[in-house]
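Note sheet for the following structure.
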Amino acid sequence: MSYIYYILGFGLTIFTIIDVIWTTLWIDGGAGPLSKRVAHGTWRIVEKVLGKKNKLLTLVGPIVLMATLLSWVIFMWAGYTLFFAGDTGSIVDSSNMRPIGWTDRLYFTGYTIFTLGIGDFTPKPGFWQVVTAFGSGIGILFLTLGASYVINVVGAVVNKRSFARSISGLGMTSEEIMKAGWNGKDFHQLDLLLMNASADISKLTQQHQAYPLLHYYHSQTPEEASAVGVAILDDLMTILHYGLKDKDSVNAVLVKETRSSIETYLDTLTSAFVKPSESEPDRPDITRLFNMGIPFVKEEEFMRDLDTLSRRRQKLLGAVYSDNHDWPTHKKNQ
């Protein structure tokens, strides 16, 4: 009997169970200690191999997800095997009732955890039968939580891209959306967009907190990148909040709510994933919209207000760069 195997095996098994529950069920906890390190390490390796602007980085999300699941399998399997190794007679060969070796022990514990066991080997009656039954239960729990986690992550990725498409479908810059939303009198045509966008961003924030692995899922096109969509929307909110002379031409409550949702989203990302950019992105240019008859404040006043948003805009640019895209800018031929 070897107590060191008992200790190592029990520690690894409990550590893995905690990490699985932490990652899949604890909404406010984000990723567990093992999952967090596996995800970050996998990302660093892939980024170093492919570079920061490689289109193949869209595969990083699925790779990180599979690496996380594989790490749970390896740690749980290793822990359970080591625990059984604490007693050389814990498992016996059914044909001759003799103790088995390491390969057979690994074989038995793998089948016990990930299926319902086999008849080739049997646990010693008593304590080891209970441990085997417990392992089967943990295996079923692991498979259930793992499957539901994959479904939730994929669903959250779809939500990210759906949100981005809802913004980019109206325009790839705030100026384009301003033109689309102006009816000659006001911007109330944008009310539904702002209402939905605020709810979508709040949902994205909660999903990033619950499933930090979402940060490693990148879209190949900026039209489907949530960080780009948020950047476009925030520029639009900045113009509507600070640039309009007639405050009744827009739903101020929706603008305030959307700006608040974006602020929470940025705080969530920068606290765990994104490093704010050292520079500020290009500022929206309201002079290009003057000929539409929109009542704007003076450009100097608008630029002074933008000076107070420098840190916020650096966070936005950092999020866009982290998503492997460039800041959306107005095209000269538009």
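Data overview
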| item | result |
| --- | --- |
| For the range 101-186, alpha-carbon Rg over 2.2 N^0.38 Å | 2.25 |
| Nitroxide proxy distance, nm - points 7 Å out along Cα→Cβ at VAL130 and THR308 | 6.6 |
| For the chain: span of alpha carbons on each principal axis (Å, largest first) | 92, 35, 29 |
| Size of charge dipole - the range 175-334 - debye, nearest 20, with Cβ of Lys, Arg +1 and Asp, Glu -1, no other charges | 80 |
| Tail weight of P(r) past 14 Å, computed on alpha-carbon pairs of the range 226-289, percent | 65 |
| Ellipsoid equivalent to the range 144-245 - semi-axes via the Cα gyration tensor, in Å | 30, 13, 11 |
| Point-to-point label distance, THR221-LEU59, nm (Cα→Cβ direction, 7 Å offset) | 2.1 |
| Positive-pole candidate from SER279, LEU57, THR109, dipole of the chain, charges at beta carbon | THR109 |
| Filtered trypsin sites (Lys or Arg not before Pro), the range 118-200: DSSP coil and at most 16 other beta carbons within 10 Å | LYS185 |
| Selected from SER322, LEU306, THR270, residue furthest toward positive end of dipole (the range 264-334; charges at beta carbon) | SER322 |
| Carbon and sulfur %, accessible surface of the range 206-250 computed with the full protein complex present, 1.4 Å | 44 |
| For the chain: accessible area per residue (Å², 1.4 Å) | 49 |
| Whole-number D in µm² s⁻¹ for the range 1-136, Kirkwood Cα-pair radius fed into Stokes-Einstein, 25 °C, 0.890 mPa s | 148 |
| Efficiency of FRET between ILE27 and GLU263 - r from beta-carbon atoms, R0 22 angstrom, step 0.05 | 0.60 |
| Cα centre as origin, Lys/Arg/Asp/Glu Cβ charges: the chain dipole, Debye | 500 |
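The values are calculated or read from the model by the stated rules, or taken from the named source; none is laboratory data. A quick note: this is a predicted structure, and the numbers were derived from the prediction, not measured. Virtual Cβ from ideal backbone geometry, glycine too; neighbours counted across all protein chains shown. With ligands, DNA and RNA removed, areas are computed over all heavy atoms of the protein, side chains included. Shrake-Rupley method; radii C 1.70, N 1.55, O 1.52, S 1.80 Å.
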